[in-house]
Amino acid sequence: MARIDTLLIANRGEIARRIIRTGRQLGLTTVAVYSDIDADAPHVREADLAMRLGPAPARDSYLNMEAVLAAARDSGADAIHPGYGFLSENAAFAEACADAGLIFVGPAPDSIRLMGDKAAARQRMADSGVPVLPGFDQEDADDATLKAEAERVGLPLLIKAVAGGGGKGMRAVQHAAEFDEALAAARREARNAFGDDRVLLERYLPSARHVEVQVFADQHGNTVHLFERDCSVQRRHQKIIEEAPAPGLSEQQRHDLGQAAVRAARAIDYRGAGTVEFLFSPEGEFFFMEMNTRLQVEHPVTELITGEDLVAWQLAVAEGRPLPKAQQELQVHGAAMEVRLYAENPYQQFLPSSGPLTHLRWPSEVRVDAGVEAGDIVSDYYDPMLAKLIAHGDDRDQARRRLVRALDQLALSGPHHNGAFLRRVLCDPAFADADLDTRLLEHRPHLLQAEPEDPALLAVAAAALLAGTPPDSGDDPWTALNAWRPLGRRRTLVPLRVDEHPLTVVLDDDRASVADHTAPWTLHRHDDRFDLHWGEHRLSGHALFSFDDRRLTVFVHGQNYQIETHPARESERAGGAGDFRAPMSGTIVTCHVAAGDPVDAGAAVITLEAMKMEHTLRASAPGTVRDFLVKAGDSVSEGTLLVDFETEEE
């Protein structure tokens with residue numbers, strides 16, 4: 001039996017950190033690898049050792065087999081865990097590890113090679129009794145043969161790259177006239193992506209779910225499944241929301257899926273973790289799609305419903321030990337759901353986004369598998385996934401609601417990200433009712449349209465937060481915010497710019513006005529969280545104030561909004577004779593008149609500054625300033641009497 005003491009993780013980001021976490025729990029020495037741009041990345045900081053691979057481009061670093069093997073040799077590693085992506089499904093790399101005397105934490109090279117060839121995999125599954133879609137998978141067929149076979153298979157059909165994955169080299173054909181162009185495009189994309197332009201044909205299911213089964217096998221003849229996941233919600237054929245177990249299946253369907261997946265693994269003498277992916281039709285039929293010979297991005301939902309550590313299982317199998325549990329010992333507990341948080345713009349065809357993470361706070365009530373932390377820079381060189389947020393619940397709806405709450409707690413600014421988009425999908429009635437298929441976003445195009453918060457509502461929240469902030473409170477004004485308790489009535493004018501919208505909020509003690517709308521308001525806060533009620537509107541979120549650039553960032557429903565403040569604004573005050581009390585903590589700026597001076601109603605008497613904004617107190621009625629109880633430069637607290645003022649007798 002082999003033994004692993006030192007484990008090199010040939011990957012980066014969240015999966016590298018995930019593997020390091022289990023490695024530490026098992027008492028292993030963990031070795032990170034990095035490109036030049038990742039030299040200070042979180043996975044590098046967390047590992048016991050770190051080895052440089054090369055420049056930032058993946059081909060010169062994470063895909064450089066020689067560099068990875070050299071790092072393993074120089075660090076004294078016994079084994080290499082490839083994670084997912086990069087070299088994880090590279091049969092040549094698995095062979096090179098064996099040749100170097102290293103344990104490859106994954107299946108045998110022959111299994112990787114067979115399942116990496118979609119045509120060969122399809123043929124093997126059909127021979128083993130695993131259901132496959134009607135299609136054509138003959139090797140090296142020319143275009144004329146493929147066109148003839150397309151007529152036999154029937155429309156609609158799918159052209160798929162034999163060496164494909166991730167939606168590359170895949171085209172759906174709805175009409176015969178589209179076939180030639182679609183075939184040329186699929187071949188071209190497959191050749192560019194995989195260096196292999198072979199394709200196969202399959203009947204296309206216009207309405208189907210993506211349901212997959214987690215399998216595990218060891219070298220002692222044991223093969224089990226750890227139940228199924230639904231990964232139907234996708235963009236550009238790539239998953240964005242995954243859940244386990246798959247909703248709406250009968251117990252018989254679950255059993256049949258699990259048995260088919262186990263049969264598929266046994267058909268190729270599989271070892272380690274694998275995922276057998278199926279298309280599940282509305283009629284309840286399922287068909288083999290492909291097998292991923294590695295740990296999946298979405299493995300956490302399986303971990304949460306089973307209570308098992310799948311990385312620990314991988315390492316046990318790699319050492320030659322039996323599977324930790326038999327099939328009858330595995331049970332489902334509740335439901336789990338995961339969203340993939342990407343640095344991308346959902347409203348511009350999901351184009352990747354990059355740049356520094358200027359502010360980042362992860363939600364605290366769900367599992368977060370993150371590849372980045374605050375201050376890190378999201379680069380253009382690698383996949384833009386930032387993190388996975390995973391929630392568990394007693395049932396699907398509880399897990400979904402917890403995930404919605406987690407996205408409400410997310411505070412992320414810098415690159416564009418899909419947090420608000422994910423939240424909208426989770427809250428959409430079709431998703432909430434588990435009305436799922438792989439074209440959900442096509443059926444629900446409104447989900448791809450931005451729905452920003454009302455600028456006026458954001459402005460009221462910002463004004464209410466800003467108006468009570470005292471001076472000299474550093475970078476965290478929220479710990480010192482004071483509620484308003486004026487003795488008289490006050491109007492505070494707060495000019496703001498909400499994104500590109502210039503707005504002025506007028507705050508009275510109990511009413512707020514902006515953009516010709518006036519309504520009662522209340523604000524409750526705890527630390528940086530706030531809950532605003534303005535008439536019939538409600539806004540909950542959290543906020544961060546930057547004193548350097550006079551900017552407030554408000555985080556609401558997974559989205560951030562930049563609100564610019566302005567200096568030297570006035571508060572106007574009207575009320576009775578005792579109104580010259582500090583409406584908030586601040587510093588006296590100036591006294592506009594002298595002791596003994598008579599003043600008219602509305603005349604400026606004294607100004608104080610709070611949070612770099614000036615607030616001028618005016619006479620509410622004609623009268624005389626008998627004395628000033630403070631002077632310029634004095635710091636005062638809320639409620640302090642500032643002026644001894646005597647009104648004229650009527």
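The values are calculated or read from the model by the stated rules, or taken from the named source; none is laboratory data. Nothing here was measured: the structure is a model prediction, and the numbers come from that model. Here the Cβ positions follow ideal geometry from the backbone for every residue, glycine too, while neighbour counts run over all protein chains shown.
Can you pull out every residue in region 1-22 that is within 20 Å of Ala94 (Cβ to Cβ) and touching a Ser or Thr at 6+ places or on another chain (Cβ under 7 Å)?
Going through region 1-22, the residues within 20 Å of Ala94 (Cβ to Cβ) turn out to be 1-4, 6-12, 15-16, 19.
Those that are within 20 Å of Ala94 (Cβ to Cβ) and touching a Ser or Thr at 6+ places or on another chain (Cβ under 7 Å): Thr6, Leu7, Leu8, Ile9.
Annotation: Pro134 fulfils all but one of (1) touching a strand residue (DSSP E or B) at 6+ places or on another chain (Cβ under 6 Å); (2) free of Cβ contacts under 8 Å to residues at least 40 places away in the same chain; (3) farther than 24 Å from Tyr62 by Cβ; the unmet one is (2).
Going by the structure shown, is Ala98 outside any loop (DSSP other than H, G, I, E, B) and under 29 Å from Glu308 (Cα atoms)?
Values: outside any loop (DSSP other than H, G, I, E, B): yes; under 29 Å from Glu308 (Cα atoms): yes.
Yes.
Of the residues in region 144-151, at least one is under 24 Å from Phe278 (Cβ atoms) and not assigned by TED's automatic domain parsing to the domain that holds Ala244. When restricted to residues that are assigned to a loop (DSSP other than H, G, I, E, B) and surrounded by fewer than 19 Cβ atoms within 10 Å (Cβ to Cβ), region 136-162 contains 8.
Only residues that are more than 27 Å from Asp394 (Cα to Cα) and surrounded by fewer than 22 Cβ atoms within 10 Å (Cβ to Cβ) were counted in region 324-343, giving 0.
For region 197-204, the criterion of being outside the structural domain of Ile305 (by TED's automatic domain parsing), of a type in the set (Asp, Glu) and surrounded by fewer than 16 Cβ atoms within 10 Å (Cβ to Cβ) is met by none of the residues.
The residue of region 63-87 that is surrounded by the fewest Cβ atoms within 10 Å (Cβ to Cβ), among those that are within 26 Å of Leu310 (Cβ to Cβ) and without any contact (Cβ under 8 Å) to a residue 60 or more places away in the chain, is Met65. Looking at region 308-322, can you tell me whether even one residue there is in contact with a Leu (Cβ under 6 Å, 6 or more places away or on another chain) and either in a strand (DSSP E or B) or surrounded by 19 or more Cβ atoms within 10 Å (Cβ to Cβ) (or both)? Scanning region 308-322, I find no residue that is in contact with a Leu (Cβ under 6 Å, 6 or more places away or on another chain) and either in a strand (DSSP E or B) or surrounded by 19 or more Cβ atoms within 10 Å (Cβ to Cβ) (or both), so the answer is no. Of all residue pairs spaced 6 or more apart or on separate chains, those with beta-carbon atoms under 6 Å, a first member in region 35-60 that is over 18 Å from Asp74 (Cβ atoms) and free of Cβ contacts under 8 Å to residues at least 40 places away in the same chain and a second member that is buried (at least 20 other Cβ atoms within 10 Å of the Cβ) and among the β-branched types (Val, Ile, Thr) are Glu46/Ile20. Scanning region 625-647 for residues that are over 17 Å from Glu609 (Cα atoms) and at pLDDT below 80 yields no hits at all.
If you check Ala144, Ala108, Ala100, Ala121 for being among the hydrophobic types (A, V, I, L, M, F, W, C) and free of Cβ contacts under 8 Å to residues at least 12 places away in the same chain, only one passes: Ala144.
Does Asp472 qualify as being on the phi > 0 side of the Ramachandran plot, surrounded by fewer than 19 Cβ atoms within 10 Å (Cβ to Cβ) and modelled with pLDDT under 65? Yes.
Against the numbered list (1) touching a residue at least 40 places away in the same chain (Cβ under 8 Å); (2) within 17 Å of Asp197 (Cα to Cα); (3) buried (at least 18 other Cβ atoms within 10 Å of the Cβ), Ala186 comes up short only at (1).
Among the residues of region 570-582, is any in contact with a strand residue (DSSP E or B) (Cβ under 8 Å, 6 or more places away or on another chain), closer than 18 Å to Ala462 by Cβ and modelled with pLDDT under 90? Looking for residues that are in contact with a strand residue (DSSP E or B) (Cβ under 8 Å, 6 or more places away or on another chain), closer than 18 Å to Ala462 by Cβ and modelled with pLDDT under 90, one finds at least one in region 570-582, hence yes.
Regarding Gly116, is this residue of a type outside the set (A, V, I, L, M) and on the phi > 0 side of the Ramachandran plot? Talk me through it step by step, then tell me what you get.
Working: of a type outside the set (A, V, I, L, M): yes; on the phi > 0 side of the Ramachandran plot: no.
So Gly116 does not fit the description; no.
I'm checking my understanding of the structure. Among residues of region 352-395 that are among the aliphatic types (A, V, I, L, M) and in contact with a Pro (Cβ under 6 Å, 6 or more places away or on another chain), which one is surrounded by the most Cβ atoms within 10 Å (Cβ to Cβ)? Taking the candidates together, the pick is Ile390.
Determine which member of the set Gln296, Gln328 is of a type outside the set (A, V, I, L, M), in the same structural domain as Gln253 (by TED's automatic domain parsing), at pLDDT 95 or above and under 25 Å from Thr30 (Cα atoms). Steps first, please.
Details: Gln328 fails: under 25 Å from Thr30 (Cα atoms).
Step by step, each of Gln296, Gln328 is checked, and only Gln296 is of a type outside the set (A, V, I, L, M), in the same structural domain as Gln253 (by TED's automatic domain parsing), at pLDDT 95 or above and under 25 Å from Thr30 (Cα atoms).
The condition of being of a type in the set (A, V, I, L, M, F, W, C), under 30 Å from Glu319 (Cβ atoms) and in a helix (DSSP H, G or I) holds for only one of Ala260, Ala182, that being Ala260.
Only one of the numbered conditions (1) surrounded by fewer than 19 Cβ atoms within 10 Å (Cβ to Cβ); (2) over 29 Å from Glu283 (Cα atoms); (3) touching a helix residue (DSSP H, G or I) at 6+ places or on another chain (Cβ under 6 Å) is violated by Lys168, and that is (2).
Quick grid of which residues meet (1) outside the structural domain of Gly167 (by TED's automatic domain parsing); (2) touching a His at 6+ places or on another chain (Cβ under 9 Å); (3) more than 30 Å from Arg21 (Cβ to Cβ):
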site: Ile240; (1), (2), (3): yes, no, no
site: Ala246; (1), (2), (3): yes, no, no
site: Glu285; (1), (2), (3): yes, no, yes
site: Phe288; (1), (2), (3): yes, no, yes
site: Thr302; (1), (2), (3): yes, no, no
site: Val311; (1), (2), (3): yes, yes, no
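Restricting attention to region 109-135 and to residues that are among the polar types (S, T, N, Q) and buried (at least 17 other Cβ atoms within 10 Å of the Cβ), the residue that is modelled with the lowest pLDDT turns out to be Gln123.
Hey, any hits in region 230-246 for a residue that's without any contact (Cβ under 8 Å) to a residue 12 or more places away in the chain and charged (D, E, K, R)?
To start, the set of residues in region 230-246 that are without any contact (Cβ under 8 Å) to a residue 12 or more places away in the chain comprises none.
No, region 230-246 has no match at all.
Selection of region 247-257 for residues being more than 18 Å from Leu440 (Cα to Cα) and either part of a loop (DSSP other than H, G, I, E, B) or touching a residue at least 24 places away in the same chain (Cβ under 8 Å) (or both) yields Leu249, Ser250, Gln253, Arg254, Asp256, Leu257.
For residues that are more than 22 Å from Arg203 (Cβ to Cβ) and not small (Gly, Ala, Ser), tally how many sit in region 266-291. Final tally of qualifying residues: 6.
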